[in-house]
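To keep things clear, I will list the structure first and then write my remarks on it.
Just so you know, all these numbers are worked out from the coordinates, no wet-lab data involved. All of these numbers come straight from a predicted model, not from anything done at the bench. Note: ideal-geometry Cβ built from the backbone for every residue, glycine included; neighbour counts use all protein chains shown.
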Amino acid sequence: MGFLGPNGAGKTTTIAMLLGLIAPTGGTIRILGQEMPRRREAILARVNFSSPYVALPHDLTVRENLVVFSHLYNVAEHRRKIRDLGELFGVSHLLDRRTGRLSSGEIARVNLVKAFLNDPQILFLDEPTAALDPEAADAVRTLLMRQRDERGLTIFYTSHNMREVERLSTRIIFLHHGRIIADGPAEQIVREYGKADLEEFFVALARSEREVSQ
Amino acid sequence: MNWRRIWAMNLRQLFVLRRSFARVTDLFYWPLLDLFFFGFLSVYLGRREGAPMIAGLLLSALILWDIFFRVQQGISVSFLMELWTRNFVNLFVTPVTVTEFLVAMMVWGVVKILITATLLTTLALLLYGFNLFTLGLSLVPFVIGLIIFGWAVGTVITAIILRYGQAAETLAWSLAFLFQPFGAVFFPLSVYPQWLIGVLLLMPLPHIFEGMRAVLAGQPLPLHHLGWAFLLDAIYLLVAWAFFGYMFTLARQRGLLLKAQE
């Protein structure tokens, strides 16, 4: 699921609410059939989160960080799990490197290893390719699509890269000032609003907002 | 309560300690400087006044004070570390509960003082011939009383940082020292004006340090002081937990958990 909107639309706030970091001012949140935050512990054991704006401790090695998070997620046979995910995301050679010394692309892949440690049923990704060059971003997207298809994983995805979102998402929710203004597959949204693609829709929305504010 | 998660948060601190010069400095450098200063001062005063007890009084007070301070700091600084490394959000999107987080910080505070107090006690014996264990079994309740008060103060500081962000981080190093001149740490309660004594006795520290001095003077363990210390400890710890819980709820409502690490 792609979660889109201009800066300040409320994407990160919504993810933070879904993860129990912010209390909503109204309404209820149900994830995997359970109410957040009342069943927070049970829900968070089955979901995970990754964002380039939230770092893993830079003073620990990649392996140390992953061991700590394995314990936090109660992962069985965590050493094997770290080894397998390290191979899957191509970070095996980085496991004994200090996290703070990795490049942005390497950190993004390590963050994804952390995000897959507990075999989540839902993965929240806040702009996972924001700090990456096009090649590294493409590698991450390919990995994510494979995991989505192989594991039947739900990915809740925010990004400013419209092509990326179109490629990854079967459903898109478009937020504007904290409200949902479009919800459906990319083709449907584009058709409904008479635009050529999502990018055009996004730009039109941002321009109309600027004009209103002027 | 999931002990594996509590272990994980302590493991993270141990990993940092293994290679962080700043954290090792916290653990050894300042306590050792204090020990040398008070050790030589007590040697000098002991010779001059002909009062051999002065070394015992000063060094016992120093080591016990350090237990309180290191426990408090263990809690506040381990919390700050999560903010400095921008790991706080990562931590709270795992199933870790607030209680587990608090317990993990409390355990880490105890681990820190086990290391520091062992070092100080050994060096005090080797360098100044002072054996802290002359306090005998009464050492145990004194130490427990100080640990509990350290937990309470550390938890309150953490809650304030959670609410006001890293602007309040200086409290982690400074607030405990407010208790040093008013906690009857290095001198007896009788030094204070009469009107102030009643107020100071609302803190556990004067009870514990008065008890320590009584035992060093060869008197029996003053149980009334000990009783008061534990009663006050329990009250302060419960208030501190409630305060943290309130601040955490407030932080969730105002979105401060996301902003805390910025």
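Observations on the structure shown:
- Cβ pairs under 6 Å, 6+ apart, first in segment B:3-17 and touching a residue at least 24 places away in the same chain (Cβ under 8 Å) and more than 7 Å from every other protein chain (Cβ to nearest Cβ), second of a type in the set (Ser, Thr, Tyr) and surrounded by 16 or more Cβ atoms within 10 Å (Cβ to Cβ): B:13/B:78
- Flag for residue B:71 being within 14 Å of chain A (Cβ to nearest Cβ), of a type in the set (Val, Ile, Thr) and part of a helix (DSSP H, G or I): no
- Looking only at segment B:24-33, residues that are of a type outside the set (Phe, Trp, Tyr) and without any contact (Cβ under 8 Å) to a residue 40 or more places away in the chain come to 3 in all.
- The helices (runs of 4 or more DSSP H) found entirely in segment B:146-211 that carry 2 or more residues being closer than 25 Å to residue B:104 by Cβ and of a type outside the set (D, E, K, R) are B:171-174.
- Of residues in segment A:41-50 being at the interface with chain B (Cβ under 8 Å from one of its Cβ atoms) and surrounded by fewer than 21 Cβ atoms within 10 Å (Cβ to Cβ), the one farthest from residue A:151 (Cα to Cα): A:41
- Residue selection: residue B:101 satisfies the criterion of being buried (at least 19 other Cβ atoms within 10 Å of the Cβ) and either in contact with a strand residue (DSSP E or B) (Cβ under 9 Å, 6 or more places away or on another chain) or closer than 17 Å to residue B:252 by Cα (or both).
- Considering segment A:103-214, the qualifying helices (runs of 4 or more DSSP H), each wholly inside and each with 1 or more residues that are of a type in the set (Phe, Trp, Tyr) and crowded, with 17+ Cβ neighbours inside 10 Å, run over A:104-116, A:198-213.
- Counting residues in segment A:145-153 that are free of Cβ contacts under 8 Å to residues at least 24 places away in the same chain, under 27 Å from residue A:84 (Cβ atoms) and of a type in the set (Asp, Glu) gives one or more.
- For residue B:246, the test of being surrounded by 14 or more Cβ atoms within 10 Å (Cβ to Cβ), hydroxyl-bearing (Ser, Thr, Tyr) and part of a helix (DSSP H, G or I) is failed.
- Residue B:251 vs. criteria more than 27 Å from residue A:53 (Cα to Cα), out of contact with any Pro (no Cβ under 7 Å at 6 or more places or on another chain) and either free of Cβ contacts under 8 Å to residues at least 12 places away in the same chain or surrounded by 13 or more Cβ atoms within 10 Å (Cβ to Cβ) (or both): no
- Where residue A:82 falls short, out of the listed (1) under 25 Å from residue B:81 (Cα atoms); (2) free of Cβ contacts under 8 Å to residues at least 12 places away in the same chain; (3) away from every other protein chain (no Cβ under 11 Å): (2)
- When segment B:85-128 is limited to residues that are free of Cβ contacts under 8 Å to residues at least 40 places away in the same chain and of a type in the set (A, V, I, L, M, F, W, C), the one that is farthest from residue B:63 (Cα to Cα) turns out to be B:93.
- Within segment B:217-252, considering residues that are aromatic (Phe, Trp, Tyr) and under 17 Å from the mean Cα position of the chain (by Cα), the one nearest to the other protein chains (Cβ to nearest Cβ): B:241
- Segment A:156-205 - residue that is hydroxyl-bearing (Ser, Thr, Tyr) and touching a residue at least 24 places away in the same chain (Cβ under 8 Å) and, of those, nearest to residue A:123 (Cα to Cα): A:157
- Whichever residue in segment A:6-32 is part of a loop (DSSP other than H, G, I, E, B) and within 17 Å of residue A:155 (Cα to Cα) and, among such residues, is nearest to the other protein chains (Cβ to nearest Cβ): A:19
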